[in-house]
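Here's the structure, in structure tokens; my notes come after.
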Amino acid sequence: MSQENVNLHHGANEAFNTRDVEAFVAYCDPEIELHSAVTVPGGGIYHGHDGVRRWHRELGDAFGGEIELEPEVFFDLGDYTITFHLLRGRGQHSGADVTSPAAHLCRWRDGLIVYFKGYLRREDVFGDLGIPKEVWNRSLPRAGLLEQDAHDDS
């Protein structure tokens, strides 16, 4: 079932990148809890399909149509999937280009996202899952997927 969840995560990213809110909503459980790191200062929490629609509107307010995820790697953790990606956008009001390494965590049930959280610091996703730094630091490819030096044990 977990490879199916990775495939679904790919599809949800595609729906996001095409800005097709209803296609994205179709990947979400009606009771989804969504945590965004970029819509409001300090992050925002959204509930249900209407919350997902509000999140998309607020992303549009911040970035216009100029926001996209560029996936780098997906992690299959059974009921959870993680993606590391580059978040690319252009500020709606400032016009500033933004490129930021980021991560998404999804928990799946019956083929739907029940929990979604975005991260601007990729390593934070592992802390939320209770995976010690020593474990993920050894397990990740040394290809610059984390913002810090992967050999730093501090």
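The ranking of Ser94, Ser100, Ser36 from fewest to most other beta carbons within 10 Å of each one's beta carbon is Ser94, Ser100, Ser36. The candidate values are (i) 9, 32, 35, 18, 6, 1; (ii) 9, 22, 23, 17, 14, 9, 5, 1, 0; (iii) 11, 41, 35, 12, 0; the one derived from this structure for P(r) over Cα pairs in 10 Å bins from 0, in percent carries the label (iii). Exposure proxy for Tyr119, Tyr80: other Cβ atoms within 10 Å of each Cβ, ordered fewest to most, give Tyr80, Tyr119. Along the axis of the charge dipole computed for the chain (Cβ charges of +1 for Lys and Arg, -1 for Asp and Glu, origin at the Cα centre), the listed residues Gly65, Asn17, Gly118 are led at the positive end by Gly65. Residues Val52, Val98, arranged from fewest to most other Cβ atoms within 10 angstrom of their Cβ, appear as Val98, Val52. Pairs of Cα atoms nearer than 8 Å and 6+ residues apart set the relative contact order; for segment 2-139 it is 22 percent.
Where a number appears in this text, it was derived from the coordinates with a stated rule and is not lab data. All values derive from a computational prediction rather than experimental measurement. When we count neighbours, we look across all protein chains shown, and the Cβ atoms used for this are built from the backbone with ideal geometry, even at glycine.
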